[in-house]
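Just below is one structure, and these are the notes that go with it.
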């Protein structure tokens, strides 16, 4: 038990480090994902829970054109996030606590609304792993520490001048990269919604060093 507590404490320390690091043009957000564990291969023994929930919070920094690659990649957002995943089959799958840096690429950017593709990868601690005696049904995860990768598509639109609604869907994946066996991994697919301070959506001319994009007050 003490070992589990120390591992979780380490994860929260890492998450705190991720969230508190930042720069100008930054804002914070929170979101909830409702989804379902997706069995992606035959032979997985655990029962699929009726619903899984991921609670996520993070920091978003809008690139401002001060670096050449900002313009090349369409002024993406730099993102740092932490999440807590309730798989739903607690005795077998447990919970996941993760932290991941990522990037949000604009697929569409209007005067008010935006469509973004988010890619993130980092570290997660899963509280329940495979054990042939005490947890034989979880033949998807062979270790507590795992990589976590998220791919999300989100649509943002203001609901008032200073706040925007964020809705979308995505995939959250956990696996240990063959560090130990079994390593089939766990996938959670679902829809999310959240609220964040509105990030100004002024378009930036191509080929120019832009003024910083500011967060609406």
Can you find even one residue in the range 49-56 that is assigned to a strand (DSSP E or B), surrounded by fewer than 17 Cβ atoms within 10 Å (Cβ to Cβ) and in contact with a helix residue (DSSP H, G or I) (Cβ under 8 Å, 6 or more places away or on another chain)?
no
If I filter the range 117-138 for residues that are in contact with a helix residue (DSSP H, G or I) (Cβ under 7 Å, 6 or more places away or on another chain) and closer than 19 Å to residue 81 by Cα, do I get at least one hit?
yes
Exactly one condition in (1) modelled with pLDDT under 95; (2) within 29 Å of residue 26 (Cα to Cα) is false for residue 151; which is it?
(1)
Hey, does the range 171-180 have a residue that's touching a residue at least 24 places away in the same chain (Cβ under 8 Å) and touching a helix residue (DSSP H, G or I) at 6+ places or on another chain (Cβ under 7 Å)?
no
Note on the range 165-214: residues outside any loop (DSSP other than H, G, I, E, B) and at pLDDT below 90 are 195, 196, 197, 199
Inside the range 30-76, can you point out the residues that are more than 24 Å from residue 125 (Cβ to Cβ) and out of contact with any strand residue (DSSP E or B) (no Cβ under 9 Å at 6 or more places or on another chain)?
42, 43, 64, 65, 66, 67, 68, 69, 70, 71, 72
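The values are calculated or read from the model by the stated rules, or taken from the named source; none is laboratory data. All figures in this text were calculated on a predicted structure; none of them were measured in a lab. Cβ atoms come from the backbone with ideal geometry, glycine included; neighbour counts cover every protein chain shown.
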